Amino acid sequence: MKTFGAKPLSKSQGLAAILVCSVMWSTSGLLIKLVPWNGMAIAGIRSLIASLVVLIYIKVLKARLVVNRFTLLSALLLCCCLTLFVSSNKLTASANAIVLQYCAPVFIILINALLFKVRPRWKDLAVVVVALGGVSLFFFDQLQADGSYMLGNIMALVSGIFMAAFYICGSRSPSLEENLSCILMGQFFTFLVSIPFMAFDPPVPTVSSVATILFLGIFQLGIPYILYGVAIKSMDALTCSMISIVEPLLNPAWTLIFLREMPGILAIIGAVIVLTGITVWSVDDAKAAKRAAVQDAGDKA
C-alpha cells in the first residue's frame with residue numbers, strides 16, 4: 001500500500017494510535033457544553049477547523065484527494081455521525097450521548113449480518129441482546145423528563161449507527177489516500193450542512209468560545225482523525241470500535257468533574273450494562289482470535 005511518506009503502522013502501533021484518539025475524543029462532551037452556541041454551529045465550525053488540519057496533513061504527504069462513490073459515501077456517513085452526536089450533546093447528558101453512540105459495535109454486527117451476510121456467532125447475538133437491554137434503560141430513565149432529553153438520546157443512538165457504518169467503510173478502504181479523503185470531505189460536508197443553522201442563529205464569538213472551538217477542531221477532532229485514518233488500515237472494524245470504548249468511560253468523567261453533570265440512575269445502570277457487555281465480548285473475541293492465529297501458525301509449520 002502506498003503511504004505517501006506515512007509508514008504503515010504495526011498492529012500494536014495501531015492500537016496505541018486508536019487509544020490516543022479515544023482520549024482526545026473523550027473531551028468532546030465537556031467542551032461542547034462549554035460553548036454557548038447551537039449544536040449545528042459547533043459541529044460545523046469544529047469540523048471546518050478539523051478539515052483544515054487534515055488538509056494540511058494531506059498536503060504534507062503530497063497525497064491526492066480521491067473523490068469516488070466509496071469516499072463520498074464514507075464522508076456522508078461521517079457527516080451524519082458528527083452532526084447528530086454534537087446536537088445530542090446539547091439535548092441530553094454527555095454520558096447518555098457517548099454511551100448510546102458507542103453501541104456502534106452492536107450495529108457493526110447487525111450491518112455485517114444484514115448487508116454482507118456475515119453469520120453472527122452466539123456470543124455476538126448475546127452482546128446485541130445485552131446492549132439493547134442496557135440502551136432501553138436510557139429511555140426509561142427519561143420518560144418523565146424533558147422531551148429534549150429523549151430526542152437527544154435518539155439522536156445519539158442513530159449517530160452510533162452511522163459510526164458503525166463509517167467504521168466498516170474505513171476498514172474496507174483500499175488506501176490511506178481514500179481514508180484521508182473521506183475524513184476531509186466528511187468534515188467539510190458537516191460545515192456545509194451547518195451553514196443554514198448558523199445563518200438562523202449566528203454564533204456569538206467570545207475569547208473563551210473561540211479558544212474552546214479551536215481546541216475542539218484541532219486537538220479533539222482534527223489530529224485524532226488523522227491518527228484514525230492512518231491506524232484503521234492495521235485494524236479491523238470491531239477491534240477499532242472496541243478500543244474506542246475508552247472514550248465513553250472518560251467522556252462523562254470530564255463533565256462530572258468540571259460541570260457536576262450527573263446522569264439518571266437508570267442511565268448509569270444502562271451504561272454499566274452496555275459497557276460491561278461489550279468489553280467482556282471484546283476480550284473474549286480477542287482471545288479467540290489469538291488462539292486461532294496460534295493454531296494457524298502451527299498448522300503452517
**Fill in**
Considering only helices (runs of 4 or more DSSP H) wholly within region 160-242, the ones with at least 2 residues that are over 29 Å from LEU115 (Cβ atoms) and open to solvent by less than 20 Å² (accessible area, probe 1.4 Å) are 207-215
**Message:** Among the residues that make up region 18-28, is at least one of them buried (at least 23 other Cβ atoms within 10 Å of the Cβ) and closer than 23 Å to THR206 by Cβ?
**Reply:** yes
**Message:** I'd like to check which helices (runs of 4 or more DSSP H) are fully inside region 48-132 and have at least 1 residues that are over 30 Å from GLY277 (Cβ atoms) and not polar (S, T, N, Q).
**Reply:** 69-91
**Request:** Among the candidates ILE32, ILE56, single out the residue that is out of contact with any helix residue (DSSP H, G or I) (no Cβ under 6 Å at 6 or more places or on another chain), at pLDDT 90 or above and closer than 27 Å to VAL246 by Cβ.
**Result:** ILE56
**Request:** Scan region 69-113 residue by residue and report those that are more than 29 Å from VAL283 (Cβ to Cβ), open to solvent by 10 Å² or more (accessible area, probe 1.4 Å), touching a residue at least 24 places away in the same chain (Cβ under 8 Å) and over 16 Å from the mean Cα position of the chain (by Cα).
**Result:** PHE70, LEU72, LEU73, LYS90, LEU91
**Complete:** In region 31-47, anything assigned to a helix (DSSP H, G or I) and open to solvent by less than 20 Å² (accessible area, probe 1.4 Å) is listed as ILE32, GLY39, ALA41, ILE42, ALA43, GLY44, ARG46, SER47
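The values are calculated or read from the model by the stated rules, or taken from the named source; none is laboratory data. Just so we're clear, the structure is a prediction, and the values are computed from it rather than from any experiment. Note that we place each Cβ from the backbone using ideal geometry, even for glycine, and neighbour counts take in every protein chain shown. Ligands, DNA and RNA are stripped out before the accessible areas are found, and what is left, the full protein with its side chains, is counted by its heavy atoms. Shrake-Rupley method; radii C 1.70, N 1.55, O 1.52, S 1.80 Å.
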